[in-house]
């Protein structure tokens, strides 16, 4: 039981559940209703949707595993109480699990390519595995490079679903009709995922500054200083809050009252709270609390997809 618990912590099981919920909601709350109204059949549904989610979850899990493998020394300083690699699971088995989950995720992508109208998913999955490996050994220690990469991969969780439907979206009959609607919503949520993830990654860098500095990382708080990093985060918070506010004015034209109320109460207000607490934060515990709030906003933001199921 201890080993199972350690493995679940190693792969960040709550984050994996979050990925699965995101893709499930995007398909059933957005893609399927739009396609149904247009008389189209989605490429990704049933077993294919299950396989897509499994491949995304396995690749993400493999990424968390290899990240902890290379972060062992840093984690001894930043979070010694949460250490799994070498302490509970032998490093050799950590590598084995990384390879097994990565290979399965890649093979599922190629299987979906061969059995559906989806194209290049196997190549994209391979690319994600390689990028996560490069991130773990190098990019995460570089100024902004690792933060941007993880944010892009977070957005890819949504983009890959729309990519899987590209054969439906690029037909001559679709152009200018439901393609535009799907594309607009896709980039709305992918953009949200990118920005909120970037904010959280930088906040986590402030939380982990001691261990990162000792092992030669050049993350933003180390390269720019804490004050400049807070200004960077604050600017992106303002951009995100402003963008979400503009979207609410837009949806109110269609009388989406409940959707707007939800966004204001459960997304914008918590972001304002994060903004308010950002500059007074000084300790690792303060930044960890901010990171937890941002993660909560990521979750409530994704849950807002439910409203499209009601209104589309």
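Please go through the range 266-282 and give me each residue that is closer than 16 Å to residue 248 by Cα and out of contact with any helix residue (DSSP H, G or I) (no Cβ under 9 Å at 6 or more places or on another chain), ordered by number. Result: 269, single match. Of everything in the range 167-176 that is exposed (fewer than 15 other Cβ atoms within 10 Å of the Cβ) and either at pLDDT 90 or above or outside any helix (DSSP H, G or I) (or both), the residue that is nearest to the chain's Cα centre (by Cα) is 170. Report yes if residue 54 is under 26 Å from residue 133 (Cβ atoms), out of contact with any helix residue (DSSP H, G or I) (no Cβ under 8 Å at 6 or more places or on another chain) and surrounded by fewer than 17 Cβ atoms within 10 Å (Cβ to Cβ), otherwise no. No. One residue is enough: does the range 233-249 have a residue meeting the conditions touching a helix residue (DSSP H, G or I) at 6+ places or on another chain (Cβ under 6 Å), outside any helix (DSSP H, G or I) and surrounded by 15 or more Cβ atoms within 10 Å (Cβ to Cβ)? Within the range 233-249 (the criterion being touching a helix residue (DSSP H, G or I) at 6+ places or on another chain (Cβ under 6 Å), outside any helix (DSSP H, G or I) and surrounded by 15 or more Cβ atoms within 10 Å (Cβ to Cβ)), the answer is no, since none of the residues qualifies.
Within the range 216-243, the residues that satisfy the criterion of being in contact (Cβ under 8 Å) with a residue 40 or more places away in the chain and under 27 Å from residue 269 (Cβ atoms) are 220, 230, 233, 234, 236, 237, 239, 240, 243. Specify the residue that is nearest to the chain's Cα centre (by Cα); the eligible residues are those in the range 250-263 that are surrounded by 12 or more Cβ atoms within 10 Å (Cβ to Cβ) and within 15 Å of residue 192 (Cβ to Cβ). Across the range 250-263, the extreme among qualifying residues is 263.
Restricting attention to the range 285-309, the residues that are under 30 Å from residue 31 (Cβ atoms) and either touching a strand residue (DSSP E or B) at 6+ places or on another chain (Cβ under 9 Å) or free of Cβ contacts under 8 Å to residues at least 24 places away in the same chain (or both) add up to 1. Of all residues assigned to the range 33-40, none qualifies as being over 24 Å from residue 170 (Cα atoms) and either in a helix (DSSP H, G or I) or in contact with a strand residue (DSSP E or B) (Cβ under 6 Å, 6 or more places away or on another chain) (or both).
The values are calculated or read from the model by the stated rules, or taken from the named source; none is laboratory data. Note that the structure is predicted; figures quoted are calculated from it, not measured. FYI the Cβ positions are ideal-geometry reconstructions off the backbone, even for glycines, and counts take in every protein chain you see.
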